[in-house]
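Any read-out appearing in this document is the output of simple, stated calculations on the displayed coordinates, not a laboratory observation. Fair warning: this is a prediction, and the values are worked out from it, not measured in the lab. Glycine gets a Cβ as well: all are built from the backbone with ideal geometry, and neighbour counts include every protein chain shown.
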Amino acid sequence: MTTLVQLLSGRKKESSVWDYFSHNAITNKCRCTVLDDKGDECGFEMAGKKTSNLKLHIKAKHPAVFIFIDKDDKRKQSDVTVNKQTCKIKADDMEEQGS
Ligand SMILES: [Zn+2]
């Protein structure tokens with residue numbers, strides 16, 4: 001599904017979960033790059049690239065990291081709302097100037 005966020009920003013990586021997963025285009029698998037307290041990479045692999053599935057792994061295995069991701073994603077969502085309002089205000093201004 002292409003979201004409005006993706007259309008507006010042109011970014012594929014719409015979620016902060018991608019800071020902790022790397023996607024292999026050849027195998028179509030995502031690998032968890034979260035480091036444990038010894039500095040070892042988790043290395044968990046998941047087929048596909050559904051951020052909701054990736055988040056479930058983070059939530060289950062790396063709850064401390066999940067808090068960061070969740071907070072950051074919510075912030076991004078609110079940024080989009082602000083951007084949309086800005087766009088609307090600009091469009092209204094242009095209409096007024098045109099008439
Ligand atoms: Zn992991």
Label-reachable residues, the stretch 49-68, where backbone N falls under 14 Å from a point 7 Å from Thr27's Cα toward its Cβ
49
Around Lys61, what is the net charge, scoring Lys/Arg as +1 and Asp/Glu as -1 over all other residues with Cβ under 12 Å from its Cβ?
+1
Residue-wise, which Karplus ³J(HN,Hα) couplings in Hz belong to the stretch 44-54, taking 6.51 cos²θ - 1.76 cosθ + 1.60, θ = phi - 60°, and x for glycine or proline?
4, 10, 9, 6, x, 9, 7, 5, 5, 5, 4
